[in-house]
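Values in this text are rule-based calculations from the coordinates and carry no lab data. Given the structure is predicted, the values throughout are model-derived calculations rather than measurements. Every residue, glycine as well, gets a Cβ built from its backbone with ideal geometry; the counts of neighbours run over all protein chains shown.
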Amino acid sequence: MVQPSSSAAYLNNPKPAYPPMSRRLGESGRVVVRVLIGPDGRAQEARIQRSSGYERLDQVALETARDRWRYVPGTRGGTPEAMWFNVPINFVLE
């Protein structure tokens, strides 16, 4: 069994947009989104596994991982298969 991946460079997954209000308030943190990746590499389902502690950051991470990103699906015996995968998303103020 090969686990799914979100790190393949050719997928061109964009960084989530930093919410302007979060930037102004100095909110930062790490969100872990649990994503069910389908055999086609698209998210079939997603939920917050671990919160950043900030609702705005959590929502942007969830929407990005679920609606905008594509993944390399997991395989079993060389055949793509739906699998759950934890996707960490870091919001860092620069």
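Descriptive notes on the structure:
- GNM top mover of GLY78, GLY29, GLY53 - the chain, alpha-carbon springs below 10 Å: GLY78
- Listed residues LEU57, LEU25, LEU36, most fluctuating in the chain (Gaussian network, C-alpha, under 10 Å): LEU25
- Net charge over other residues, Cβ less than 10 angstrom from the Cβ of GLU27 (K, R count +1; D, E count -1): +2
- Summing +1 for each Lys or Arg and -1 for each Asp or Glu among the other residues whose beta-carbon sits under 14 angstrom from that of GLU81 gives +1.
- Our coupling estimate for segment 68-76, obtained by passing each phi through the Karplus curve with A = 6.51, B = -1.76, C = 1.60 and θ = phi - 60°, is 10, 8, 10, 9, 8, x, x, 10, 10 Hz, Gly and Pro reported as x.
- Applying the Karplus relation 6.51 cos²θ - 1.76 cosθ + 1.60 with θ = phi - 60° to segment 83-92 yields 3J(HN,Hα) values of 8, 7, 8, 8, 10, x, 10, 9, 10, 10 Hz, where x marks Gly and Pro.
- Pairs of alpha carbons in the chain whose separation is greater than 15 Å (percent): 58 percent
- Table column - 3J(HN,Hα) (Hz), segment 17-24, Karplus curve with 6.51, -1.76, 1.60, x for Gly and Pro: 5, 6, x, x, 5, 5, 4, 4
- Loop-located trypsin sites (Lys or Arg not before Pro) in segment 35-90 whose Cβ has at most 13 other Cβ within 10 Å (DSSP): none
- Net charge, ARG42 excluded, C-beta distance under 13 Å - Lys, Arg +1, Asp, Glu -1: 0
- Comparing ALA82, ALA17, ALA61 in a Gaussian network model of the chain where C-alpha atoms under 10 Å apart are linked, the largest mean-square fluctuation is found at ALA17.
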